[in-house]
Amino acid sequence: MSNCTSDFDCLRLAGNATAVALFIAPLPTFWTLMKKKSTMEYSGLPYVCTLFNCLLWIFYGMPFVKPHSMLIITINGFGCAIELIYLTVYIIYADRKNQLKVLGMLLAVILAFTVVAVLTVTVLHTHNSRTTVVGSVCVVVAIAMYVSPLSIMKLVIQTRSVEYMPFLLSLFVFLNSMAWTSYALVTKDIFIGIPNGLGCLSGVAQLALYVFYRYLKPVTASLESGDKPLVNNVYVEIGKSNEKLNENKDSKSRLINQDGNKPAN
């Protein structure tokens, strides 16, 4: 029994160690955003989902929901703190539209968490019922968290560039999910096993894309087409897309005037 308990503790510690690495993996990305004073094409959705996920797992680990889960509380408490820092930086440097979008999502997260917490405490009165309900909600939100990178994966395929899919983040998604999936298999905790099993698949898919597109030449877009660039500094130089588009239009008009033709409107 002592060996079994020791194995469980090792798996818990491995899960928490990789979770810390996962939480701090975006630091280089946010350092870049701060230097450029722009969120560019990065989305705030994954960080909002992660914050909601951490809040729910903290609640799941509470003694009145699932006793003896202090490690779950501590690691997700750390996760909440660092996600709030990321979101603060994102909001500071985002444009008005993305600021309102992220603030709206944060408000929805607060309301949803409050509803889950109040209903759990007032309506459910046993550990089993609370664990089942809160665990089920955790599974749904965790799945959403692991699905949210799909938009970035689509962007990687469209642009043939991995610039907006940080390697460390993808790597630690995979490692963290592997550790907690192993723990879930040993402890037979389905609520931890389902989302982390999907997280393993998501991590593998992201790493595969990274390996495939890492050394490919990014696609380029024709500025004359008037298409809005999908990714700054992949299609066109950062902050100069509109200027170049206008320059192209002016040059075209001058050429037409020189030929004695009426310029197009």
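The values are calculated or read from the model by the stated rules, or taken from the named source; none is laboratory data. Computed from a predicted structure; not experimentally measured. Neighbour counts run over all protein chains shown; Cβ positions are idealised from the backbone, glycine included. Remember, those area values only see protein heavy atoms, side chains included, never the ligands or the DNA or RNA. Shrake-Rupley method; radii C 1.70, N 1.55, O 1.52, S 1.80 Å.
Just one of (1) in contact (Cβ under 8 Å) with a residue 40 or more places away in the chain; (2) open to solvent by 50 Å² or more (accessible area, probe 1.4 Å) trips up Lys188, so point out which.
Here Lys188 meets the rest and fails (1).
A quick yes/no check of all residues on (1) modelled with pLDDT under 90; (2) among the charged types (D, E, K, R); (3) surrounded by fewer than 22 Cβ atoms within 10 Å (Cβ to Cβ); (4) in contact with a Ser or Thr (Cβ under 7 Å, 6 or more places away or on another chain):
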| residue | (1), (2), (3), (4) |
| --- | --- |
| Ser6 | yes, no, yes, no |
| Leu27 | yes, no, yes, no |
| Cys54 | no, no, no, no |
| Met62 | no, no, yes, no |
| Lys66 | yes, yes, yes, yes |
| Ser69 | yes, no, yes, no |
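Of Leu71, Leu45, which residue is touching a residue at least 40 places away in the same chain (Cβ under 8 Å), among the aliphatic types (A, V, I, L, M) and more than 19 Å from Val141 (Cβ to Cβ)?
Criteria check complete, one pass: Leu71.
Which residues, counting only those in the stretch 158-173, are surrounded by fewer than 21 Cβ atoms within 10 Å (Cβ to Cβ) and either of a type in the set (Ser, Thr, Tyr) or without any contact (Cβ under 8 Å) to a residue 60 or more places away in the chain (or both)?
Arg160, Tyr164, Met165, Phe167
Could you please give the count of residues in the stretch 191-216 that are more than 30 Å from His68 (Cα to Cα), in contact (Cβ under 8 Å) with a residue 24 or more places away in the chain and assigned to a helix (DSSP H, G or I)?
Residues that pass the stated criteria total 7.
Would you mind telling me which numbered condition in (1) of a type in the set (Ser, Thr, Tyr); (2) surrounded by fewer than 16 Cβ atoms within 10 Å (Cβ to Cβ); (3) over 30 Å from Leu216 (Cα atoms) Ser151 fails?
Among (1) of a type in the set (Ser, Thr, Tyr); (2) surrounded by fewer than 16 Cβ atoms within 10 Å (Cβ to Cβ); (3) over 30 Å from Leu216 (Cα atoms), Ser151 violates only (3).
Within the stretch 31-51, count every residue that is part of a helix (DSSP H, G or I), closer than 19 Å to Tyr146 by Cα and open to solvent by 30 Å² or more (accessible area, probe 1.4 Å).
2
Filter the stretch 118-144 down to residues that are in contact with a helix residue (DSSP H, G or I) (Cβ under 6 Å, 6 or more places away or on another chain) and open to solvent by less than 30 Å² (accessible area, probe 1.4 Å) and give me whichever is farthest from Leu207 (Cα to Cα).
Here the residue is Thr120.
Just the residues that are within 16 Å of Gly44 (Cα to Cα) and part of a helix (DSSP H, G or I), please, taken from the stretch 155-164.
Selection gives Leu155 alone.
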